[in-house]
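The values are calculated or read from the model by the stated rules, or taken from the named source; none is laboratory data. Predicted model, so just to flag it, every value in this text is computed and none were measured. In this analysis, Cβ positions are derived from the backbone assuming ideal geometry, glycine residues included, and neighbour counts consider all displayed protein chains. Side chains included, ligands, DNA and RNA excluded: accessible areas come from the protein's heavy atoms. Shrake-Rupley method; radii C 1.70, N 1.55, O 1.52, S 1.80 Å.
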Amino acid sequence: MNQPILFNFPKTSSLGQHLQEKLNAEEGRFLRYSFPDGETYLRIESDVKGREIFINATLFHPNSWILDLLFLADTLRTLEAKSIKLIAPYLSYMRQDKVFQEGEALTSKTFSHLLSAYFDALITVDPHLHRYHCLSQIYTIPTTVLQAAPLISEWIHENVENPFLIGPDEESRQWVQEVAGDLPFIVLQKERNSQGQVKISWPSFKGGEGKTPVFVDDIISSGGTMLLAIEQAKALGLKLPVIVAIHPIFANDSYEKLKNAGVLKIVTCNSIPHSSNVIDLAPLIVSTLK
Ligand code: R5P
């Protein structure tokens with residue numbers, strides 16, 4: 001049978017439902033519960049022998065997922081699935097990409113070894129490639145890196161009146177440029193000290209009058225970068241900004257803080273399930289799988 005089977009982790013993600021429809025995939029069925037001591041029981045109920053398998057996994061809070069994911073992949077292998085490909089729109093453990101102080105774990109590398117050992121391929125969206133230039137520097141399986149920029153650009157063009165784009169740091173320049181297309185944009189300079197505090201400086205710019213500032217970033221994690229940028233935009237007399245991010249981590253109460261900081265809208269992609277998800281990554285992912 002040519003129809004692929006898609007397993008969703010968690011079972012209820014909106015991205016998973018869209019992927020299922022667009023891929024015309026059979027739903028992967030499995031039973032999972034926890035024993036009283038916290039160990040996992042897992043049983044695959046679908047007939048997977050000889051079938052192409054995709055697992056769509058939200059690797060947000062990866063420590064609570066990773067073992068289950070590996071149990072699932074290993075069991076699929078035992079049951080003789082033809083191939084097991086991981087769709088991880090948010091790829092975790094990409095930020096510790098260097099040993100800064102002697103003795104630190106290079107978690108990006110260890111994590112890549114784990115996934116490479118259990119999956120045949122990895123498909124992800126805008127991973128945090130900072131000191132690594134590409135995933136093949138650490139992953140030994142074929143990897144596909146998709147870019148959300150065209151989808152974000154489309155959303156901004158269709159939904160924001162008179163936008164001008166702002167990238168929060170130099171690293172975002174290329175990406176913001178691509179999202180902006182023919183729209184005006186500026187890039188800020190950001191420094192983060194060892195305590196994680198952020199300092200931002202703005203370039204002198206013209207042409208922002210009357211326009212809607214749109215901050216675009218790959219990840220909102222502690223929210224520190226965006227909160228400061230919003231505060232500074234306000235002090236500069238700019239209009240209420242729109243915030244767009246691919247990966248909505250929103251640690252602790254950062255989403256509420258951002259909403260209360262004075263924004264027009266906060267919009268994210270559904271790489272991580274969150275109430276701010278507006279931009280659906282399913283068409284992008286399916287276009288590479290088909
Ligand atoms: C940094 O390089 C990234 O592009 C983001 O700007 C950063 O990860 C955001 O983190 P936070 O929300 O903790 O300031």
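Per-residue answers, yes or no, for (1) part of a strand (DSSP E or B); (2) open to solvent by 60 Å² or more (accessible area, probe 1.4 Å); (3) among the hydrophobic types (A, V, I, L, M, F, W, C):
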{"residue": "2", "(1), (2), (3)": "no, yes, no"}
{"residue": "8", "(1), (2), (3)": "yes, no, no"}
{"residue": "11", "(1), (2), (3)": "no, yes, no"}
{"residue": "17", "(1), (2), (3)": "no, yes, no"}
{"residue": "20", "(1), (2), (3)": "no, no, no"}
{"residue": "31", "(1), (2), (3)": "yes, yes, yes"}
{"residue": "38", "(1), (2), (3)": "no, no, no"}
{"residue": "41", "(1), (2), (3)": "yes, yes, no"}
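Could you grab me the full set of residues in segment 255-268 that are within 15 Å of the ligand (Cβ to nearest atom) and either of a type in the set (S, T, N, Q) or not assigned by TED's automatic domain parsing to the domain that holds residue 155 (or both)?
Correct list: 268 only.
If the Cβ limit is 7 Å and pairs must be 6+ apart or interchain, which residue in segment 179-197 that is open to solvent by less than 60 Å² (accessible area, probe 1.4 Å) and part of a loop (DSSP other than H, G, I, E, B) pairs with which residue that is among the β-branched types (Val, Ile, Thr) and within 14 Å of the ligand (Cβ to nearest atom)?
As it stands, the answer is 188/166; 188/200, since those pairs meet every condition given.
Assuming residue 148 fulfils every condition listed in (1) farther than 21 Å from residue 67 by Cα; (2) out of contact with any Cys (no Cβ under 6 Å at 6 or more places or on another chain) apart from one, which condition is it?
Every condition holds for residue 148 apart from (2).
For segment 166-178, which positions are open to solvent by 70 Å² or more (accessible area, probe 1.4 Å), in contact (Cβ under 8 Å) with a residue 24 or more places away in the chain and within 14 Å of the ligand (Cβ to nearest atom)?
If the condition is that a residue be open to solvent by 70 Å² or more (accessible area, probe 1.4 Å), in contact (Cβ under 8 Å) with a residue 24 or more places away in the chain and within 14 Å of the ligand (Cβ to nearest atom), then 171 is the only one that fits.
Restricting attention to segment 80-121, report how many residues are part of a loop (DSSP other than H, G, I, E, B), open to solvent by 40 Å² or more (accessible area, probe 1.4 Å) and more than 25 Å from residue 38 (Cα to Cα).
14
Within segment 231-254, is there a residue that is outside any loop (DSSP other than H, G, I, E, B), within 14 Å of the ligand (Cβ to nearest atom), small (Gly, Ala, Ser) and closer than 26 Å to residue 125 by Cβ?
Among the residues of segment 231-254, at least one is outside any loop (DSSP other than H, G, I, E, B), within 14 Å of the ligand (Cβ to nearest atom), small (Gly, Ala, Ser) and closer than 26 Å to residue 125 by Cβ, which makes the answer yes.
Hey, can you tell me all the residues within segment 45-72 that are surrounded by 17 or more Cβ atoms within 10 Å (Cβ to Cβ), more than 18 Å from residue 34 (Cα to Cα) and over 16 Å from the mean Cα position of the chain (by Cα)?
Scanning segment 45-72 gives 46, 48, 51, 52, 53, 54.
Suppose we filter 105, 121 for residues that are away from the ligand (no atom under 16 Å from the Cβ) and farther than 25 Å from residue 221 by Cβ; which single one remains?
121
Of the residues that make up segment 221-228, is at least one assigned to a helix (DSSP H, G or I), within 12 Å of the ligand (Cβ to nearest atom) and of a type in the set (S, T, N, Q)?
yes
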